[in-house]
Amino acid sequence: MDFWYGLRVKAVLPEADILVTNTFWLPWMERRESRGRLYVHVARYPKGQMRLYRRAVLQTVSEPIREAILAEDPTAADRVRVIPYPLADRYLLSQVPKGEEAALYTGRVHPEKGVHLLIEAFARLSPKQRGNWRLKIVGPWEIAFGGGGEDYLKQLQAAAAPLGNNVEFVGRVFDEAKLIQHYASARIFVYPSLAERGETFGLAVLEGMAAGCAPIVSALGCFQDFVRNGKNGRVFNHRDSDPVGALSRELADLFANETATASLRQQAWSDARHYTMNTVASQFLEDFERLRQQA
């Protein structure tokens, strides 16, 4: 499908200074400078195609993907740019809200996202450690929406059952205003993803930070571009022999230490400002201008 799409697009491309594409085959098909300097957006981990793009500038969103690109094509070092995904302005709250004693997850309710680890880690806390804290799970479980299906949901519900109303399954929320309300209502945002080759950036984490949530994330490389352990969030080792215990300890520490949590929240909120639409757009425009000057 992508091959035929590339052929159709190639036939109608106008002349340009920069030709931006995120398709698989078009960068290989279209190599004429008259169509513009080729600028390929590499959104996912490469699958062997980087050697086909040796005439192209390669833009990706995180350092781990940059490293994966260079592993495929070491000659690309001076052609790779890391420019992150931007945050929509509406997610950038004007101040850190008070929030409730709530830890939040938003995203697909799927095993690769580690939602079961989060519920098990929350359940492992003693009643004293949990205090009045609640856990909210927001996102689709249905397979049609990328979730893990009804069996996985039932597994999670069974694990959460002893905790009663302290764990809430909200379900899918596609209304952005309502989603932002969920972010603003929480003090901690947890993203325990296990997708070693699936996570490329982690925009949901940044959305939580922009709403003043202190993030707790797994040790996937993509999160380390913007989550600094102990500075603006916490990182737990999901590769540990007891990942549930590793996550549970981070939850317990932040639940018990209001001052530390408040400091992380403030710094996370501040750091999220580096990812505004205007900031990221400026990075692209500056890069395009450099390429245009080199032509």
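The values are calculated or read from the model by the stated rules, or taken from the named source; none is laboratory data. As the structure is a prediction and not an experimental result, all values here were calculated from the model. Backbone-built Cβ (ideal geometry, glycine too); neighbour counts: all protein chains shown.
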Of all residues in segment 29-68, how many are in contact with a strand residue (DSSP E or B) (Cβ under 6 Å, 6 or more places away or on another chain), within 15 Å of Pro14 (Cα to Cα) and charged (D, E, K, R)? 2
Of all residues in segment 192-250, count the ones that are closer than 21 Å to Ala102 by Cβ and either part of a loop (DSSP other than H, G, I, E, B) or at pLDDT below 95 (or both). 8
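I'd like the full set of residues that are assigned to a helix (DSSP H, G or I) and touching a residue at least 60 places away in the same chain (Cβ under 8 Å), limited to segment 269-287.
Taking segment 269-287 as the starting set, the residues that turn out to be assigned to a helix (DSSP H, G or I) are 269-275, 277-287.
Within segment 269-287, Trp269, Asp271, Ala272, Arg273, Tyr275, Met277, Thr279, Val280, Ala281, Gln283, Phe284, Asp287 qualify.
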Verdict on Leu247 being in contact (Cβ under 8 Å) with a residue 60 or more places away in the chain, surrounded by 14 or more Cβ atoms within 10 Å (Cβ to Cβ) and within 22 Å of the chain's Cα centre (by Cα): yes
Quick one: what pairs do we get from segment 103-123, first residue closer than 13 Å to Val190 by Cα, second crowded, with 24+ Cβ neighbours inside 10 Å and charged (D, E, K, R), C-beta under 6 Å, 6+ apart or different chains? Gly107/Lys113
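What residue, of Ala252, Ala272, is within 18 Å of the chain's Cα centre (by Cα), of a type outside the set (Phe, Trp, Tyr) and surrounded by 17 or more Cβ atoms within 10 Å (Cβ to Cβ)? Walk me through how you get there before you give the answer.
Numbers: Ala252 fails: within 18 Å of the chain's Cα centre (by Cα).
The unique qualifying residue is Ala272.
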State whether the residues of segment 75-97 include one that is modelled with pLDDT of 95 or more, surrounded by 16 or more Cβ atoms within 10 Å (Cβ to Cβ) and in contact with a Gly (Cβ under 6 Å, 6 or more places away or on another chain). yes
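Take the conditions β-branched (Val, Ile, Thr) and surrounded by fewer than 21 Cβ atoms within 10 Å (Cβ to Cβ) and apply them to Thr200. Does it pass? Spell out the reasoning first.
On the way: β-branched (Val, Ile, Thr): yes; surrounded by fewer than 21 Cβ atoms within 10 Å (Cβ to Cβ): no.
When the stated conditions are applied, Thr200 does not pass them.
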Would you confirm whether or not segment 171-188 contains a residue that is in contact (Cβ under 8 Å) with a residue 60 or more places away in the chain, crowded, with 17+ Cβ neighbours inside 10 Å, among the aliphatic types (A, V, I, L, M) and not in a helix (DSSP H, G or I)? yes
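Table: residues versus (1) of a type outside the set (Phe, Trp, Tyr); (2) part of a helix (DSSP H, G or I); (3) in contact with a strand residue (DSSP E or B) (Cβ under 8 Å, 6 or more places away or on another chain).
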| site | (1), (2), (3) |
| --- | --- |
| Gln95 | yes, no, no |
| Tyr105 | no, no, yes |
| Val109 | yes, no, yes |
| Leu117 | yes, yes, no |
| Ala121 | yes, yes, no |
Could you please find all residues in segment 33-55 being surrounded by 13 or more Cβ atoms within 10 Å (Cβ to Cβ), under 21 Å from Thr75 (Cα atoms) and not hydrophobic (A, V, I, L, M, F, W, C)? Arg37, Tyr39, His41, Arg44, Tyr45, Pro46, Gln49, Tyr53, Arg54, Arg55
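Among the residues that make up segment 151-162, is at least one of them in contact with a Lys or Arg (Cβ under 6 Å, 6 or more places away or on another chain) and outside any loop (DSSP other than H, G, I, E, B)?
As a first pass, look at segment 151-162 and keep what is in contact with a Lys or Arg (Cβ under 6 Å, 6 or more places away or on another chain): none.
For segment 151-162, residues in contact with a Lys or Arg (Cβ under 6 Å, 6 or more places away or on another chain) and outside any loop (DSSP other than H, G, I, E, B): absent.
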Residues to consider are Arg55, Arg90, Arg66, Arg51; find the one that is touching a residue at least 12 places away in the same chain (Cβ under 8 Å), part of a helix (DSSP H, G or I) and farther than 21 Å from Ser282 by Cβ. Arg51
Taking Arg290 as meeting all but one of (1) assigned by TED's automatic domain parsing to the domain that holds Gln59; (2) in contact (Cβ under 8 Å) with a residue 40 or more places away in the chain, write down the number of the exception. (2)
